[in-house]
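Worksheet: the structure to be examined is printed underneath.
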Amino acid sequence: MAKSKLTNIDSLSLQGIDEDAELIPLMTPEDEEEINKEVLPETLPILPLRNTVLFPGVVIPITAGRDASIKLINDANNGNKVIGVVSQKDEEVENPTTKDINKTGVVARILRVLKMPDGNTTVIIQGKKRFEIVEVTQEKPYFSATIKEVPEERPEPDNQEFGAIVDSIKDLSLQIIKGSPNIPSEASFAIKNIESPSFLINFVSSNMNLTVEEKQKLLETNNLKDRALSTLKYMNIEFQKLELKNDIQSKVQSDMSQQQREYFLHQQMKTIQEELGGVSQDDELEEMRVRAKKKKWDEKVKKHFNKELSKMQRMNPQVAEYSIQRNYLDLFLDLPWDEFSKDKFDLKRAKKILDRDHYGLDDVKERIIEYLAVLKLRNDMKSPILCLYGPPGVGKTSLGKSVAEALGREYVRISLGGLRDEAEIRGHRKTYIGAMPGRIIQSLKKAGTSNPVFVLDEIDKLTSGHSGDPSSALLEVLDPEQNSEFHDNFLEMGFDLSKVMFIATANSLNTIQPALRDRMEIINVTGYTIEEKVEIAKQHLLPKQLEEHGLTKEHIKIGKAQLEKIVEGYTRESGVRGLEKQIAKMVRYAAKNIAMEEEYNVKISNEDVVKILGSPRMERDKYENNETAGVVTGLAWTQVGGDILFIESILSKGKGNLNITGNLGKVMKESATIAMEFIKSNANTLGLDPGIFEKYNVHIHVPEGATPKDGPSAGITMLTSLVSLFTQRKVKKSIAMTGEITLRGKVLPVGGIKEKILAAKRARIKEIILCEENKRDIEEIKEEYLKGLTFHYVKDMSEVLEHALTDEKVKNAKTL
């Protein structure tokens, strides 16, 4: 049964009257008999009810909001107070026509009319008799119709079956009232005091939770016994629902109590958060939904996100997993799914930017322009990953930044030096406390686009630890065939890296995993000549240091000659980092004098350079001295570029022992042994007495013992040193050499030629001896780098000795 309520013609709400007010005057059999004797008028004004059905004898309040309804009620209230009440077929219809109202209704008497504060009219009416509309005679301003009475078929008073049905209705009504918390207990008193069976049936039918259509069918049932049976049927269904509901509530009462407790606590916490300026959970979830609608997700990602958002909605905000789930969803929303910056494929502009930012490195810049040209034509990124390989300080990382500017893309850089945890690349699984995505995904989140220029700095310095091998994790990142679905453990979804332009940098290729090296195209970024360093200092380093120290070019002027002196006397590197430090020292000298208001030379002289930087530490005067036998200049490759080294040999009385010192590696010691054995086996050819090898000990030393040295490149240098020592012949001035030797005296090619040539130029070397097969390496070097150098290409040691040694004996030559 429904709660006793006031019913509105236009809506279910009623303002100004308590819903629980007692509105049920009990009808006695005498009252019923008096109503039955009343004669219905032939014509009645018809009032359509929107959402209820009036039954005979029942008193209900209704609220009229339509103008036609208000006028009808006012006219009837001023007249005989009798109206015809029918229900609408569709309660959504605002202005019903004759087709929209039911034909069967109830004649009602107006008991009271109330004017409400909102302008509506509330009227309390009581049903009398059922009627049927014969013909609608008026539609404006309200309906009027001719009617005829519809009499009820009532069973005999002593009908036991009917009596039993009525008793069952009364008992079941009392049980429903008792079991339902929504019905006031006073209703049971009213039910017990109803004496008229027909009124009981009508009253219960009027207050049951039935649709208007179901109530209308009950009203149209002429046989009172049949109406009673239908009413009892509906009541049984309602009673069964009520029992089931109460049963379920009793089972979950403890759980509901706990949930209610948590709900109230959450509401309190929400209020506290809002007072403190925080965001409640509901607001947070709604904000995520709004942000998700703006993302360019495919159906798979969208479905996954909605699933994870629903999971977060079910979580208790106090558990640790809640914050992890929130971070996870925040990452999803922050990642640039299918968001790309528009590329600027103006290759001339790109070349200007590369030339502006980097002096020299023409081969490298040319290769980058070729790479961008292919990218422009193919419009995809399935091309080799570039790896800029070379010594420190030559501009590898800044080249990547220039490429990003040239393309109009975002620039991202991560340093891989010392990385030993695979999770740094692939991320942690979000089941772990403190889980976070890998650096690749984090960097893309910061970039805000899916196609940045991504510089992987120091890729050769990745190391393996107990947490996995990060270089192996990079295999998927740097493979154009695989990285369209790069899997991050935290993200748990494939992310497309195929549009990212990866540029790696490395100082050495030896430590890069072979499979990883195979995925990259190696571009050798060699060092700079003295002339290039001077231009770089002039165009880039000096202006940069002036700006960083708050000075202008008017405060200090360093000429070309002074820059060249700094390069030659105070730096010994392939790059320009050391040079930049020296220039910074010069600029600080000017800044100090300006701050202390002391006089200084704005135009720096050679004397000022020595005064500020101290005496030159790297003068190359030792190459001028070729008066000592056994001292030869060699060319070497190091991780910081090319360099020169000296090999010294001396003889001492002994039994033919060979000593080798200078922090040398195994290969270099083997080269010394090979050189010594070659000389012994070719003593006659070299004009040596074989007996001397048993009378003298030989000691070979490579200076700068603190620096480890290894490799086969010093083979011909050691042999030349030993032959010079045993023959006491002079070595030519300003000559250097590099190459590997065999026991047969063959000269084999070596690597790092360009770096070695640059080192030779820095050291003022004039002639260089190389293996003939290294001629192709020389042909790839720009002519300006080779200016002032003479190359001797050799196949065996006899040619080396011919080019390296003179016939002139050294001063104070020993007699062997």
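The values are calculated or read from the model by the stated rules, or taken from the named source; none is laboratory data. This one's a predicted model, so the numbers in the text were calculated from it and none came from an experiment. Every residue, glycine as well, gets a Cβ built from its backbone with ideal geometry; the counts of neighbours run over all protein chains shown.
Scanning region 413-437 for residues that are over 16 Å from D469 (Cβ atoms) and outside any loop (DSSP other than H, G, I, E, B) yields R413, I414, S415. Among the residues making up region 491-532, those that are within 18 Å of V364 (Cβ to Cβ), in contact with a Gly (Cβ under 9 Å, 6 or more places away or on another chain) and either part of a loop (DSSP other than H, G, I, E, B) or among the polar types (S, T, N, Q) (or both) are T505, N507, N524, V525, T526, G527, Y528, T529. Screening region 315-335 for residues that are assigned to a loop (DSSP other than H, G, I, E, B) and touching a Phe, Trp or Tyr at 6+ places or on another chain (Cβ under 8 Å) and picking the one that is farthest from L491 (Cα to Cα) gives N316. Among (1) closer than 30 Å to F726 by Cβ; (2) modelled with pLDDT of 90 or more, where does A636 come up short? The one condition A636 does not meet is (2). Report yes if S472 is hydroxyl-bearing (S, T, Y), within 18 Å of E422 (Cα to Cα) and either not in a loop (DSSP other than H, G, I, E, B) or not assigned by TED's automatic domain parsing to the domain that holds G434 (or both), otherwise no. So S472 fits the description; yes. Tell me whether region 108-129 contains one or more residues that are more than 30 Å from F189 (Cβ to Cβ) and surrounded by 18 or more Cβ atoms within 10 Å (Cβ to Cβ). So far as region 108-129 goes, yes, one or more of its residues are more than 30 Å from F189 (Cβ to Cβ) and surrounded by 18 or more Cβ atoms within 10 Å (Cβ to Cβ). Tell me the residue from P543, P514, P470, P480 that is modelled with pLDDT of 85 or more and more than 30 Å from M586 (Cα to Cα), please. Selected residue: P514, the only one of P543, P514, P470, P480 that is modelled with pLDDT of 85 or more and more than 30 Å from M586 (Cα to Cα). Residues in region 290-301 that are assigned to a helix (DSSP H, G or I), within 12 Å of F332 (Cα to Cα) and out of contact with any helix residue (DSSP H, G or I) (no Cβ under 7 Å at 6 or more places or on another chain): V301 alone. Restricted to region 344-373, and to residues that are under 17 Å from Y389 (Cα atoms) and of a type in the set (D, E), which residue is nearest to the chain's Cα centre (by Cα)? Step by step, filter region 344-373, then rank; the result is E366.
Considered as a group, the residues in region 346-393 that are closer than 27 Å to D496 by Cα and of a type in the set (K, R) include one that is modelled with the highest pLDDT, and that residue is R367. Among the residues of region 680-701, those that are at pLDDT 90 or above and among the aliphatic types (A, V, I, L, M) comprise V698, I700.
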